[in-house]
1. Magnitude of the Cβ-charge dipole of the chain, K/R +1 and D/E -1, about the Cα centre, nearest 20 debye?
2. Once label points are set 7 Å from the Cα along Cα→Cβ at both GLU340 and GLN36, what is their separation, rounded to one decimal in nm?
3. Scan the stretch 94-163 for GluC sites (Glu not before Pro) in coil per DSSP, keeping those whose Cβ has at most 14 other Cβ atoms within 10 Å, and list them by number.
4. Taking amide H positions as placed 1.01 Å from N in the peptide plane, with prolines and chain starts having none, which residues 5 or more places from ALA41, or on another chain, fall under 5 Å of its amide H?
5. Please express the shape of the chain as an equivalent ellipsoid: the semi-axes are the square roots of 5 times the eigenvalues of the C-alpha gyration tensor, given largest first in whole angstrom.
6. Taking +1 at the Cβ of each Lys and Arg and -1 at the Cβ of each Asp and Glu, which of MET311, LEU326, TYR339 sits farthest along the dipole of the stretch 295-375 towards its positive end, judged by Cα position relative to the Cα centre?
7. Where the centroid of each part is defined by its Cα atoms, how far is the stretch 84-141 from the stretch 12-79 in Å?
8. If the chain between ARG102 and SER69 were fully stretched, how many nm would it gain, using 0.36 nm times the residue separation less the Cα-Cα distance?
Amino acid sequence: MCSLNKSNLVSCDCYYSAAEQRKADLEASGHTVMLQDSPFALSVLTPLMIRALAMNNNPQSFFIDTSASCDQTNTSLTLVLMASKAGAIPVGVSLHEGQSERSYTAALAQLKDLWAAQSVGEVSITNFMSDDSLALKNALRTVFPATRQLLCLFHVPQALWRWLCDGKNGVGRDERQEYMKKFSSVIRCEDRVIAEQTMNELISNDDDEEESKLSKHLACLSERKEEWCMAYRMDVLNKGNNTNNYAEATFRIVKDIVLCRLRAFNSLALLDYIAVVLEKYYSIRLLNAAFGRHQKPHLLYQKILSKGKEMLSAAPNCVSELGDSLYSVCSSKDSSVLYEVNTDVGVCACNVGQQGTFCKHQAAVQLKYSKNFVNAPNLSLLDKQQLYCVATGKVVAEETFFAPMTVVATLTTAPVQGLSVASGEPAQQVLWT
């Protein structure tokens, strides 16, 4: 009998047999699992993940990250998440051997097959948000060739700062902050012409050998500016999620709450933590959101509404209807500037609303015309019913179960795209005003 030690744990026959037995146990309890031996990769969709994928058939931005410090054998744990009004929800987990392009490709191919095998059909992914891992990005390009890749706007300047502080690159201490200041302005710039000019100024500093090295590094970054410069990704409907914070926060949950800052014995033990403990954690978290125990979405919604009220108080006629779910809203700073709001999609022509974030112009339209926005941060009755269904797998018996105890004003409904929790009929999103 082979020994289960750290050097041969993944490759030994008895370990693989144990993995196959655990796979059968999980599948019997409603999980979907894929396992392969070489390279080792074990991917799983828990029942909650399956229900989360079915909750929203609209195209989604997925957030992906990897950690290799969760068990004693340093098995790589890759999490894939999607955003919701209750925060990030995991939609796929893969345990694989190492962080090579070959291992990533095997793990992502398994997740793609698992997503396609669900009754919801092939998952529509608009883009993947990740850090700048070459192996991961190459694997994503291989498995999802038509899906756009974006870089986290925190990791990109962090990586450049580390490069500038590396002594072998010869960048002086007094120059580092100046370079970072200019590069940060390029990242956040929303005008392509200005971003291009500023980046060219940074690259053109080639007076000596050290600055030439910096120019070459910046030129390499500039070739991929569509992935990290805001001016080239304003058309991405990610609701303002331009960093990979969802994935970073989820790994903190895994290490602090699920693993209690300890390492699992091996990858099978880590699989149990993910399939059981993490599943229960997110079930409770979604139920807390559905029952109104998290006030952050409500407070954010009220804050944006207050800005819309200020706009209407200052200029009652600043909002006008154009027809076909389109509205024109005057800028609060310059009345000659008009922003177009689309209530069906939930977008605005302003810098904040272009990516699908709920802005004050949309709030003004909602207040004046009682229009409902699917991207509003508050939880409607339909949102609460869906979260409850994702958390428990059960349908709410009464549609008014999540309604407030007292109704201040009238109840208005507006059709939204998607399916209701209880049936396949077009859903009616409920707005309490």
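1. 1260
2. Label at GLU340, label at GLN36, 4.6 nm between them.
3. GLU122
4. Under 5 Å from the amide H of ALA41: GLN36.
5. 39, 34, 17
6. MET311
7. Centre-to-centre distance over Cα atoms comes out at 11 Å.
8. Working: separation 33, 0.36 × 33 = 11.88 nm, distance 1.97 nm.
Contour length minus Cα-Cα distance gives 9.9 nm.
Bear in mind these aren't lab numbers, they're just calculated from the coordinates by the rules spelled out. On a predicted model such as this, the values are computed, not experimentally measured, just so you know. Every residue, glycine among them, receives a Cβ derived from its backbone with ideal geometry; neighbour counts consider all protein chains shown.
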